[in-house]
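Reviewing the structure listed below.
The values are calculated or read from the model by the stated rules, or taken from the named source; none is laboratory data. Since the structure is predicted, the reported quantities are computational estimates derived from the model, not experimental observations. As a convention, Cβ positions derive from the backbone with ideal geometry for all residues, glycine included, and neighbour counts pool all protein chains shown. Protein only, heavy atoms only, side chains kept; ligands, DNA and RNA dropped before computing areas. Shrake-Rupley method; radii C 1.70, N 1.55, O 1.52, S 1.80 Å.
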Amino acid sequence: MAINHLKHGKPEADRAEDDAKTAAVVATTLKDIEQRGDVAVRELANKFDGYDRDSYRLSQDEIDALVAKVSPRDLEDIKFAQAQVVNFAQAQRDSMLDIEVETMPGVILGHKNIPVQSVGCYVPGGKFPMVASAHMSVATAKVAGVPRIIACTPPFKGEPNPAVIAAMHLGGAHEIYVLGGIQAVGAMAIGTETIDPVHLLVGPGNAFVAEAKRQLFGRVGIDLFAGPTETMVIADETVDAEMCATDLLGQAEHGYNSPAVLVTNSRKLAEETLFEIDRILNILPTATTARVSWDDYGEVILCDTYDEILAVADDIASEHVQVMTDRDDWFLENMTCYGALFLGPRTNVSNGDKVIGTNHTLPTKKAGRYTGGLWVGKYLKTHSYQKITTDEAAARIGAYGSRLCLLEGFVGHAEQCNLRVRRYGGQNVPYGKAAK
């Protein structure tokens, strides 16, 4: 393989050190929330958000007043985007069927898709008010039929952001809290004197939110690791450098540690994209953030062949993968590790982030190797059941079961089976003997 890095990001060792520091802060903070509940949450909200309230839950009157501040056009746009997300989530839900089959005479097996009973939705918003994240988590949970949906978002410039609160409310949140960061995720998962804990945490966030979810997994379920945004552009000479640079920096502005990677088989495109990135960073209003992210986490990788591009892309397993080549469908058919694909120059990651209808909460840090993104199915638990309806089936399955239990040395297990053989197998099975 001939794979060359024209630009490297921060070394893996440095990234690992950053992760370790984050983990230590999160562990201490979560322990504090567990021990001191609402008091700790309030102190953290004051320290990190500069926001103080007796109760961080918004009243219905407060919600109504905030929604009223949203302009009619913005409200219409929020409703449009939410409708796209709901429509796709409903189509996905409709594809998930409860089943019941008779696998042999008298043996019935099935499964039911049951909603998680409570979910905590985190909607980022400290630096940018992430209106769209409310659709992705709250509205999708509603489609799944979750009976208790609570949502947290940090204040924006010292106050609840009206558009975010409107999106949460319209999406179907039953409780809305103005809390950000570790304190929000910790309060929802651990519970406090005033916040009942949830069964599942969902939603993207910064490195601290992602690490908090990781540490809380097991106590509660989580959707996936959705930390700082990642983007990859796979491109060949069918597109130009301006488009590649724009798509890379469009995601790098999320934060100071958002990886953006160009993978291409065109040296000309790679070099021109580097030039275009410098040009755009001189005029981009969010360049203060995007430049740091690009300097520390940006990469340009030059390959010889499309097979090499595919191998590199699957290894990186980026959250967002923008594919702009002469064989976009080939990548769709052959890529196996990613968050979401954006195929062709007409689409882009921002479509998925804000409006097109697919969910924007996606796996990061190579989690795309073992999970897809948030979708309606994440809120559903598939539970199996079984029943035997005839004496003959009970005796037949029991005989097999008894022998297989004894094969493993489980005598008590075998006796569960034997009892059914004796009860339902007729007069020809001696009482007290293992099925043979």
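Some notes on this structure:
- For the range 209-240, residues that are small (Gly, Ala, Ser), open to solvent by less than 10 Å² (accessible area, probe 1.4 Å) and at pLDDT 95 or above total 2.
- In the range 390-404, the qualifying residues are those that are open to solvent by 90 Å² or more (accessible area, probe 1.4 Å) and within 45 Å of the chain's Cα centre (by Cα), and the one that is farthest from GLU415 (Cα to Cα) is ARG396.
- Taking the range 82-136 as the region of interest, the strands (runs of 3 or more DSSP E) fully inside it that hold 3 or more residues being farther than 24 Å from ALA210 by Cβ, touching a residue at least 24 places away in the same chain (Cβ under 8 Å) and open to solvent by less than 40 Å² (accessible area, probe 1.4 Å) are 107-115.
- Taking the numbered list (1) of a type in the set (A, V, I, L, M); (2) open to solvent by 10 Å² or more (accessible area, probe 1.4 Å); (3) in contact with a Leu (Cβ under 8 Å, 6 or more places away or on another chain) in turn, LEU201 passes all entries but (2).
- Checking ASP304 against (1) open to solvent by 40 Å² or more (accessible area, probe 1.4 Å); (2) assigned to a helix (DSSP H, G or I), the condition it does not meet: (2)
- Comparison of ALA340, ALA367, ALA394 shows that the only residue that is at pLDDT below 95 and more than 25 Å from ARG148 (Cα to Cα) is ALA367.
- Breaking point among (1) touching a residue at least 40 places away in the same chain (Cβ under 8 Å); (2) open to solvent by 60 Å² or more (accessible area, probe 1.4 Å); (3) part of a helix (DSSP H, G or I), for THR28: (1)
- Scanning the range 316-342 for residues that are without any contact (Cβ under 8 Å) to a residue 40 or more places away in the chain, over 21 Å from ALA367 (Cα atoms) and either within 16 Å of the chain's Cα centre (by Cα) or not in a helix (DSSP H, G or I) (or both) returns a single hit, ARG327.
- The set of residues from the range 137-158 being over 27 Å from GLY377 (Cβ atoms) and in contact (Cβ under 8 Å) with a residue 24 or more places away in the chain comprises PRO154, PRO155, PHE156, GLY158.
- Close pairs from the range 247-274: first modelled with pLDDT of 95 or more and open to solvent by 30 Å² or more (accessible area, probe 1.4 Å), partner assigned to a helix (DSSP H, G or I) and among the small types (Gly, Ala, Ser), Cβ under 7 Å, at least 6 apart: GLU272/ALA241
- Yes/no for ILE309 being within 20 Å of ARG15 (Cα to Cα), buried (at least 18 other Cβ atoms within 10 Å of the Cβ) and of a type in the set (A, V, I, L, M): no
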